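Every read-out reported here was derived from the displayed coordinates using simple, explicitly stated rules and does not represent laboratory data. This is a predicted model, so every value here is computed, not measured. When we count neighbours, we look across all protein chains shown, and the Cβ atoms used for this are built from the backbone with ideal geometry, even at glycine.
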Amino acid sequence: MIEFVDTHTHLFVQEFNDDRISAVRRAVESGVTKLCLPSIDESSHAPIMDMCNKFPGVCYGMIGLHPTEVNDDYNEVLDRMYLKLAKENPFIAVGEIGIDLYWDDTRKKEQIDAFCRQLDWAVEFDMPVAIHSRNAFEPLYDIMENYRSKALTGVFHCFSGTEAEAHKLLSFEGFYLGIGGVVTYKKSKLPDILRTVPLERLLLETDSPYLAPVPYRGKRNESSYIPSIAEYLSNLYGCSIEHVAGVTTGNAYNLFKKMR
Ligand SMILES: [Zn+2]
């Protein structure tokens with residue numbers, strides 16, 4: 001049977017309050033047998049853990065503070081998150097973390113500080129990271145350089161940069177590009193970039209509830225749509241959808257070791 005991993009899905013958010021359980025079932029029935037749930041802020045913790053408890057072996061949680069949620073109290077928030085990691089650590093990764101200067105760059109300094117603190121957790125606890133970056137390639141890359149020697153691994157989720165940026169990011173050996181619905185959009189430049197990137201460096205993700213792939217574009221996105229992204233990639237790479245599933249699922253297990 002074909003097996004996919006949705007390496008980045010927010011099925012725990014309120015958009016799924018009416019049908020969360022059936023959204024997980026639809027995913028599993030579509031062959032998407034593992035779901036990685038990245039935190040957005042502290043309030044993500046309870047609903048993520050609830051899903052992990054309800055669907056053991058299917059749902060896996062991450063812990064982290066999203067860059068757009070870095071507010072005045074971020075240091076205290078991070079202190080509390082750190083305690084959770086130090087105490088029980090049921091998490092497969094630190095995420096999602098990063099830098100986002102698209103809407104607002106007034107907290108650039110704080111975003112960078114929060115990002116570095118959380119990268120340090122990943123090193124300390126030997127965990128992979130899920131990185132979100134928007135309008136922030138230069139500062140992100142500069143920070144990543146400081147961690148190059150530290151055996152950090154992870155995924156640049158929802159990659160949306162240039163070909164040169166893709167290759168600079170992939171110079172970090174333990175890292176993958178997270179590819180979602182955007183690759184299926186007509187005006188996307190991503191297909192041309194991916195022609196220069198092997199499948200062995202890609203992970204599949206939906207980023208539900210946002211950015212649904214064609215033919216669901218504009219609708220609420222959900223994890224059961226992963227096969228549409230895989231089918232698009234199978235055409236792009238000239239291989240079978242089974243091959244896309246096999247390679248990208250292998251990549252996901254390789255990165256998120258606690259999921260094995
Ligand atoms: Zn996300």
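Tabulated values for the structure
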| quantity | calculated |
| --- | --- |
| Kirkwood Rh and Cα Rg combined as Rg over Rh, evaluated for region 96-222 | 0.97 |
| Top of Asp73, Asp126, Asp105 by mean-square fluctuation, Gaussian network on the chain, Cα under 10 Å | Asp73 |
| Exposure proxy ranking, count of Cβ atoms within 10 Å, fewest first, for Val32, Val182 | Val182, Val32 |
| Region 137-209: GluC sites (Glu not before Pro) falling in loop per DSSP and having at most 11 other Cβ within 10 Å | Glu173 |
| Trypsin sites (Lys or Arg not before Pro) within region 143-186: DSSP coil, no more than 11 neighbouring Cβ in 10 Å | Lys186 |
| Spin-label zone in region 192-218 - amide nitrogen under 13 Å from a point set 7 Å from the Cα of Ser240 along the C-beta vector | none |
| In nm, spacing of pseudo-spin labels at Val123 and Tyr216 (7 Å Cα→C-beta vector) | 3.9 |
| Within region 198-256, trypsin sites (Lys or Arg not before Pro) in DSSP loop having at most 13 other beta-carbon neighbours inside 10 Å | Lys219 |
| Count of lysine pairs in region 129-225 with Cα separation under 28 Å (8 or more residues apart, or interchain) | 7 |
| Using alpha carbons only: equivalent-ellipsoid semi-axes of region 4-259, gyration tensor based, whole Å | 26, 22, 17 |
| Fully extended contour minus Cα-Cα distance, from Thr106 to Arg260, at 0.36 nm per residue | 51.4 nm |
| Set of aspartates and glutamates near Lys84 by C-alpha distance (under 18 Å), chain-local residues within fewer than 8 positions excluded | Asp41, Glu42, Asp50, Asp73, Glu76, Glu96, Asp120, Glu124, Asp126 |
